[in-house]
Structure formats: structure tokens, C-alpha cells
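Have a look at the structure below, then the notes.
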């Protein structure tokens, strides 16, 4: 779908074909606390509207309406999705000014079917409530949300930076045409339908553009979110009842260097009735580094065979 094609359409059909035309104008990431959740921000705007520098895969609805002087109102929904590493979990609801985005399982499934996430990643998707769009209405939104930092299987820190990829799209809403706001998201039957648009009734102009920005190559790529994380990597040791054993752990930090950063250490667990003591109560880690930590464990006589995590 391109603008020169749109100019040939009767205005009655424009509503169904102009539901895309949204682009990502900027993104940003922060980590509000010294560690913990990463905050992601996606700013999107109607391509071609005043002050919008974004581009889209389907031209500019605003540009068409503005060039004709039309004040027609189109009822639409915005689509927002983000690809994240496994274990990074965003919220089910996102508030972006006057728009509220609710989690959409169908949108996620469509993205995964037509543009599968790489191994170790997954898609998360949301759709907004319906809104009236014209060249006289607000021309964008800013969505900010926190995601958890994944925890690697060995208990260590998640490496920095974390990869992520946001995408935006839109779709037409018209209950009279069997296109209610609550309907499942349908993106098409082929990967190109994600970017060119898809008509949910099986023909004619698109009623949904699931990925209006970025391009296919951009969607398959990624952005990065710097972070700081800390974790302890353990080992497995064996010891008979009535003995004492020393287990070696690695206290590890990831992220940008920060000289003087110190982490307090504590331990519990072990076999019932036994004792556990660390060789230090804190560790200084100023960057991507690791420090061995020794835990001395006494195993009381008569301790039953089994696993006793620390």
C-alpha cells in the first residue's frame, strides 16, 4: 500500500486503507534503580504529521488527509509489540496518555507465526482502545513500561546490554462492517502481510497493518538496553554425614563499570542442624567481574542423603 495507490481510492474506501501510517519516532531505556527492572519507552506518531520524523511501511494517512483538506474522522486502534529475551516480562496493561493498551494474545501469536522470534526470545503484544483519528486530533503516543531482568539458569547476572525490538501498527474499527474493537488481531497469511497490510474479509484494501514500523530488516534486528545486574553462581559438592566441606561460589556483576560498588553477602539453607559460614560479608565489583566466595558447611552426623541448597 503506497500513497499514490491511495489517491485512486474513493473516500469511502480510504478508512479501511489508512489505518496504518504510524511510525516510531524515538525510543529510550533506563534502569530507574541501581539494578532491577529496565524501563522502556516507545514514542510513535502519525507519519507526515507536523513534527513527526518517523517513517512507515504504508505511506502517510495524515499527508493524504492534509493534502485534500479533509476533516474526515477514522475510528482506529493502535498496535504495539515488543520482542524480548525469555524471562523479561512486561506488564499486561500499558497507559500511554489517553490511550490504554491491553495485552493481546492474538497479536503475539500472529507475530510469532509470520515473523518468529529468534531462539531465546518471544513477542509481547498489546492493542489500544478505539479512538477517533483525523488530521485535527493528537498525532502520536508515548508508551513507557518496565520489564523484569531475566535470571540466567546458573543464577548469575544477566549480561548487558539486553536486546529488545519494538514495533507499531494500527487497524480500522467499524462494528457495522464486522470489525469491532474487541476482535482478535489478524495479520495475514504471509510475512509480507505484516508490513503491507491485510484485509480481514479476504479482499480489497487492508484493514490491519500489524507492523507499520520498522521495516522487515529492522524488525528482524534489535535495539539494546544497557543494564546492571548481580548474581551468584553456585557449584555442587558432595560430603558424607559428620564432615565439613567448602563450596566455592562466584559473585558476579554485569554492566557498565562503577568503581567502588559493593554488594553485601548473606547465606542460609544447608543440611538441618548444620552450620554455614562465608569467608566474607561483602564483595566489591565495579564492572563485568567475578569474585570467588567460599562457604564452609558442616554436615551433622546422621544427616540423610539428599540435596541441601544454600
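What follows draws every value from the coordinates through simple rules; no lab data is involved. Just so it is clear, the structure is predicted and the values come from calculations on it, not from any experiment. Positions of Cβ are backbone-derived with ideal geometry, glycine not excepted, and every protein chain shown enters the neighbour counts.
Cα-based values for segment 148-249, radius of gyration first and Dmax second, are 24.5, 79 Å. Over the chain, DSSP H runs of length four or greater, each weighted -39,500 (n - 2.57), average out per residue to a 222 nm ellipticity of -3000 deg cm²/dmol. Hull volume per residue, based on the alpha-carbon atoms of segment 229-299 and their convex hull, is 73 Å³. Residue order for 83, 183, fewest other beta carbons within 10 angstrom first, comes to 183, 83. Normalised by the number of residues in the chain, the average gap of Cα pairs under 8 Å and 6 or more apart makes the relative contact order 18 percent. Exposure proxy ranking for 308, 133, based on other Cβ atoms within 10 angstrom of each Cβ and starting from the fewest, stands as 308, 133.
Under the definition of Cα pairs under 8 Å and six or more residues apart, what whole-number percent is the relative contact order of segment 119-213? Answer for segment 119-213 is 22 percent.
If you wrap the Cα atoms of the chain in a convex hull and average its projected area over all directions, you get 19.7 nm².
You can think of it this way: the chain between residue 278 and residue 144 has 44.1 nm of extra reach, that is 0.36 nm per residue less the Cα-Cα gap. So what's the angle, to the nearest 10 degrees on a 0 to 90 scale, between helix 105-114 and the longest Cα principal axis of the chain? With both axes taken from Cα atoms, the answer is about 90 degrees. With 0.36 nm allotted per residue and the present C-alpha distance subtracted, the residue 112-residue 189 stretch has 26.5 nm of extension available. Between residue 263 and residue 86, the contour length at 0.36 nm per residue exceeds the alpha carbon distance by 61.1 nm. Normalising the average separation of contacting C-alpha pairs (under 8 angstrom, six or more residues apart) by the number of residues puts the relative contact order of segment 229-299 at 40 percent.
Projected label points at residue 238 and residue 151, each 7 Å from Cα along the beta carbon direction, are separated by 2.8 nanometres. How high is the FRET efficiency between residue 294 and residue 215 when r is their beta carbon distance and R₀ equals 51 Å, given to the nearest 0.05? It comes out at approximately 0.45.
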